[in-house]
Amino acid sequence: MYPAPLWAAPMATTSRGRRPPTCARPRRGGTIEPGIIAGTDAATANREDNNVKVNEGTIDRAIRIIAGLVLISLVFIGPQTAWGWIGLLPLATGLAGRCPAYSLFGINTCSMKKSS
C-alpha cells in the first residue's frame with residue numbers, strides 16, 4: 001500500500017504542543033492554500049492582476065524571436081563561439097513581449113487600438 005501524501009497526514013506536534021513550521025501547512029479550514037500544490041503563487045495564478053505591460057508589437061516580437069534563434073544557432077553551427085548565447089536576450093524578450101529597455105525609455109511598439 002502506498003503511503004498517504006504529506007498534506008493529508010495528521011500534523012505532528014513538538015514536545016511543547018506546537019506544530020513545526022512547514023511550507024505546505026493547511027489553513028484553519030483544513031484546505032491547502034491555492035498555489036502550494038500547483039507550485040504557483042497568487043500573482044501567476046491570476047493573470048488579470050499581473051501589472052506587467054506588453055510593450056512590443058507583433059512584428060517586433062517576431063523579429064526578436066528570429067534573431068535570437070539565429071544567434072543561438074551560431075553556438076552550434078558556423079563559427080561555434082559562445083557569443084551566440086547572447087541570443088537568449090532577444091529570444092526571451094520576444095517570447096515575453098516586454099523589453100526592459102523599452103520600458104526605461106518609454107517606447108511602445110504595440111499597435112494602437114482603434115477607437116469607435
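Once the Cα-Cα distance is subtracted from the 0.36 nm per residue extended length, the LEU89 to MET112 segment shows a gain of 5.7 nm. Extending 7 Å from the Cα toward the beta-carbon at both PHE105 and ILE59 defines two label points whose distance is 1.7 nm.
Every number in this text was worked out from the coordinates using simple rules, so none of it is lab data. Predicted model only: the values in this text are computed from it and were never measured. FYI the Cβ positions are ideal-geometry reconstructions off the backbone, even for glycines, and counts take in every protein chain you see.
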